[in-house]
Amino acid sequence: MTKEIVIDPITRLEGHGKIIIVLNDNGDCVRAFFQIPELRGFEKFAEGRHAEDMPQITSRICGVCPTAHHMASTKALDDLYKVDPPVAAKKIRELFYNLFMLEDHALHVYILGGPDFIVGPDAPKEERNVVGVIKKVGQEVGLKVIGMRKSVRQMMEKIGGKVIHPVFGVPGGISKPLNEEIVKELKVLGDQAVEFAQFTLKVFKDIVLSNKKYLDLITSEAYTHRTYYMGLVDSKNRVNFYDGMIRVVDPNGKEFAKFDVHEYTEHIAEHVEPWTYMDFPYLKKIGWKGFVDGEQSGIYSVAPLARLNAADGMATPLAQEAYEEMYEMLGKPAHYTLAMHWARVIEMIQAAERIKELANDPDILDQNVRNVPTATPSVGIGVVEAPRGTLIHHYETDERGVIRRANLLVATQHNIGRITLSIDKAARSLIKGGVVNDGLLNMVEMAFRAYDPCNACGTHSLPGSVPVPIYIYSESGELLRVIH
Amino acid sequence: MPLILFLGNSLYAEDRIGLLVGEILKGRLEAEGFEVEILERIGYSLIDYIAGKDSVMIVDSIIGEYGEVKLIEDLKSFAAFSPKSPHYAGLPEAIELIKALNLPLPERILVLGIGVRDPYSIGEIPPELNARVGDIAEKVHREIRNVFN
């Protein structure tokens with residue numbers, strides 16, 4: 001009989017989580033856990049600070065996705081001060097945000113997650129990295145990736161100041177308007193971005209989709225969960241990264257809920273487990289039924305595949321074509337965790353196309369980019385789709401705008417229930433007879449790397465290394481091995 | 001001209017130490033002929049700064065004791081000291097990437113680690129560490145001069 005191992009919560013000093021694998025006497029995995037810390041420390045830190053400082057402060061939570069926090073925070077301030085930004089400001093914010101989405105997704109596709117497929121999930125550890133990717137796709141492609149990321153980042157600096165910690169969004173608008181010179185450059189960059197995103201889809205098709213072994217892996221039971229999916233959609237239920245309503249579909253793809261972010265607490269509740277500090281969000285109306293998938297379980301997912309599952313389509317034509325192609329092959333909704341990479345590439349295309357559309361929109365040259373707030377603040381809630389999923393910032397302040405309470409619901413928190421399922425299922429499916437080799441461990445890691453988990457920067461993982469320590473226990477609780 | 005990169009995260013109580021030291025030393029080092037950048041960036045984005053330079057010194061926190069300043073010449077050994085932070089999650093890989101792309105790689109890349117006990121907690125700098133910032137900056141300055149003179 002399986003003995004439940006209760007693991008003491010990780011300390012703040014350990015900081016960045018671990019995987020725990022429990023083996024029975026035959027050496028088969030009977031249970032696997034994933035532990036990561038949460039952001040409560042940050043929320044406490046926010047108390048007593050001026051809300052208007054939050055876009056700069058929260059952007060420091062994560063060096064990988066600062067723009068997502070910056071934008072969610074800025075939108076929360078719009079709401080806090082009851083001020084609607086001018087059209088130009090909204091469009092420039094969306095443009096800026098799509099630049100970030102393109103750049104961040106490219107980071108994951110080529111550097112963080114892509115090597116699993118481009119180089120191969122069971123390739124030698126020393127080759128399963130970005131250098132291995134370059135060996136496989138060629139130096140010219142590598143230079144193209146680095147060059148595109150650099151161009152995007154330089155443009156973001158021109159529009160918003162620092163890339164990593166932008167000084168861009170302010171309540172009611174943005175800090176400065178665009179000029180014709182920047183817009184001219186943006187138009188060129190928009191064309192390049194679309195070409196780059198389509199090129200990435202071609203790379204993905206040539207290397208991943210044309211390889212039956214990889215396709216079998218993507219659609220294998222080890223990486224499949226039938227859960228609910230959540231994402232922001234526009235008025236036509238198409239994917240939108242910057243704004244919209246939160247839509248949830250059930251495991252059959254049927255709309256389950258659609259709500260404004262102000263109602264998020266009516267739809268999302270949190271479950272606590274004794275072995276981790278992390279709360280497990282679930283759909284309130286379904287309830288917490290444990291670590292199981294299916295229509296009766298409130299576990300849901302965010303992130304690229306969830307966004308596409310939760311929408312009726314993409315907002316731009318080339319992305320829509322790619323979207324239709326994916327679902328024709330996988331069915332909709334797609335429950336395959338590893339299809340997250342494919343969805344990410346499709347989102348790169350939408351981001352690039354939106355950059356091009358907005359760069360050619362004459363409204364972005366309007367010099368009126370801010371409505372100065374005058375209302376007395378009380379509560380502000382903002383939402384964006386971070387690259388890794390729905391990101392909600394919620395502030396409550398006194399009448400001076402000093403924060404009394406803050407709540408940040410980040411993508412990795414939404415996903416943690418499904419990530420736990422993914423690691424457990426992958427480990428049970430792959431680890432048999434006491435064989436725990438590097439290739440198998442990488443395939444377990446792939447289960448969570450697909451989500452690109454991100455919690456206070458801690459869990460971004462580079463293939464080719466074990467990003468979090470793996471603890472292997474016997475059923476009796478004896479620690480057999482720790483792999484760093 | 002050697003480039004000195006001071007790294008850290010200003011939201012974190014102790015991980016901000018590289019930034020604080022950088023602020024103290026920036027003017028002095030620039031007057032001595034060094035190029036100085038104070039950044040809150042992660043591994044791969046450092047490529048834009050590192051590629052094409054002759055020599056680079058990276059100053060950031062490592063897990064250790066307050067007041068400790070440690071010169072690390074072998075980047076592969078850096079993981080043993082480094083906090084698990086994306087600041088360095090990609091630095092050795094970033095250098096490998098520069099090599100793989102045949103971009104100009106600096107002849108010397110060194111890390112100057114500043115000891116902190118807890119690089120992960122958000123908050124104000126602990127008074128004990130804050131009281132030593134000036135001394136730490138002097139140690140860092142001496143090390144930089146020793147290395148490059």
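The values are calculated or read from the model by the stated rules, or taken from the named source; none is laboratory data. Computed from a predicted model, the values in this text were never measured in an experiment. Don't worry about glycine lacking a Cβ; one is built from the backbone with ideal geometry, like all the others, and counts go over all protein chains shown.
Looking across the range A:133-173, the residues that are small (G, A, S) and either surrounded by 23 or more Cβ atoms within 10 Å (Cβ to Cβ) or under 22 Å from the mean Cα position of the chain (by Cα) (or both) come down to A:G160, A:G169, A:G173.
Residue selection: A:T374 satisfies the criterion of being farther than 30 Å from A:V203 by Cα, in the same structural domain as A:P85 (by TED's automatic domain parsing) and surrounded by fewer than 17 Cβ atoms within 10 Å (Cβ to Cβ). Annotation: of all residues in the range A:77-101 being in contact with a Leu (Cβ under 8 Å, 6 or more places away or on another chain) and among the charged types (D, E, K, R), the one that is farthest from A:P66 (Cα to Cα) is A:K91. Going by the structure shown, is A:D206 part of a loop (DSSP other than H, G, I, E, B) and in the same structural domain as A:I381 (by TED's automatic domain parsing)? It is false that A:D206 is part of a loop (DSSP other than H, G, I, E, B) and in the same structural domain as A:I381 (by TED's automatic domain parsing). Residues in the range B:45-60 that are within 13 Å of chain A (Cβ to nearest Cβ) and surrounded by 23 or more Cβ atoms within 10 Å (Cβ to Cβ): B:L46, B:D60. Can A:K187 be described as more than 14 Å from chain B (Cβ to nearest Cβ), touching a residue at least 40 places away in the same chain (Cβ under 8 Å), of a type outside the set (F, W, Y) and surrounded by fewer than 21 Cβ atoms within 10 Å (Cβ to Cβ)? So A:K187 fits the description; yes. Determine whether A:D250 is within 30 Å of A:Q154 (Cβ to Cβ), assigned by TED's automatic domain parsing to the domain that holds A:I346, acidic (D, E) and surrounded by 17 or more Cβ atoms within 10 Å (Cβ to Cβ). No: the conditions fail for A:D250. Report, by residue number, each residue of the range A:241-272 that is under 15 Å from A:N309 (Cβ atoms) and touching a residue at least 40 places away in the same chain (Cβ under 8 Å). If the condition is that a residue be under 15 Å from A:N309 (Cβ atoms) and touching a residue at least 40 places away in the same chain (Cβ under 8 Å), then A:I246, A:R247, A:V248, A:V249, A:D250, A:P251, A:N252, A:G253 are the ones that fit.
Within the range A:141-187, the residues that satisfy the criterion of being of a type in the set (V, I, T), in a helix (DSSP H, G or I) and under 19 Å from A:A359 (Cβ atoms) are A:V152, A:I159, A:I182, A:V183. Out of everything in the range A:392-403 that is out of contact with any Ser or Thr (no Cβ under 6 Å at 6 or more places or on another chain) and not hydrophobic (A, V, I, L, M, F, W, C), what residue ends up being surrounded by the fewest Cβ atoms within 10 Å (Cβ to Cβ)? Checking each candidate, the answer is A:R400. Could you tell me whether the range A:100-114 includes any residue that is within 25 Å of A:F448 (Cα to Cα) and among the acidic types (D, E)? Yes; the residues of the range A:100-114 include at least one that is within 25 Å of A:F448 (Cα to Cα) and among the acidic types (D, E).
Summed over the range A:225-246, residues that are touching a Leu at 6+ places or on another chain (Cβ under 9 Å) and either surrounded by fewer than 23 Cβ atoms within 10 Å (Cβ to Cβ) or at pLDDT below 95 (or both) total 4.
On the given criteria, is A:G298 part of a loop (DSSP other than H, G, I, E, B), surrounded by fewer than 18 Cβ atoms within 10 Å (Cβ to Cβ) and either within 20 Å of the chain's Cα centre (by Cα) or assigned by TED's automatic domain parsing to the domain that holds A:L80 (or both)? Judged against the criteria, A:G298 is not a match.
Going through (1) within 13 Å of chain A (Cβ to nearest Cβ); (2) modelled with pLDDT under 85 one by one, B:E73 falls short only on (1).
Among the helices (runs of 4 or more DSSP H) confined to the range A:1-96, the ones with at least 2 residues that are at negative phi and modelled with pLDDT under 90 are located at A:40-46, A:54-58. Taking the range A:199-218 as the range and being within 16 Å of A:A450 (Cβ to Cβ) and of a type in the set (V, I, T) as the test, the residues that pass are A:V208, A:I218. Residues in the range A:133-149: is at least one modelled with pLDDT under 90, within 24 Å of A:P55 (Cα to Cα) and in contact with a Ser or Thr (Cβ under 9 Å, 6 or more places away or on another chain)? Yes: one or more hits. When the range A:53-90 is filtered for residues that are surrounded by fewer than 21 Cβ atoms within 10 Å (Cβ to Cβ) and more than 14 Å from every other protein chain (Cβ to nearest Cβ), the ones remaining, listed by number, are A:K82, A:V83, A:D84, A:P86, A:V87, A:K90. The condition (being of a type in the set (S, T, Y) and either out of contact with any Asp or Glu (no Cβ under 8 Å at 6 or more places or on another chain) or in a loop (DSSP other than H, G, I, E, B) (or both)) is satisfied by just one residue among A:Y282, A:Y242: A:Y242.
Scanning the range B:95-120 for residues that are under 25 Å from B:S10 (Cβ atoms) and crowded, with 18+ Cβ neighbours inside 10 Å gives B:I109, B:L110, B:V111, B:L112, B:G113, B:I114, B:G115, B:V116, B:D118, B:P119, B:Y120. On the stretch given as the range B:8-35, residues that are closer than 19 Å to A:G161 by Cα and either among the β-branched types (V, I, T) or at pLDDT 90 or above (or both) total 1.
Of the residues in the range A:238-245, at least one is assigned by TED's automatic domain parsing to the domain that holds A:Y327 and over 30 Å from A:A51 (Cβ atoms). Mind listing just one residue for me: the one in the range A:394-437 that is in contact with a Phe, Trp or Tyr (Cβ under 8 Å, 6 or more places away or on another chain) and β-branched (V, I, T) and, of those, modelled with the highest pLDDT? If we take residues in the range A:394-437 being in contact with a Phe, Trp or Tyr (Cβ under 8 Å, 6 or more places away or on another chain) and β-branched (V, I, T), then A:I403 is modelled with the highest pLDDT. All conditions but one from (1) in a helix (DSSP H, G or I); (2) more than 14 Å from chain B (Cβ to nearest Cβ) apply to A:D122; the one that does not is (1).
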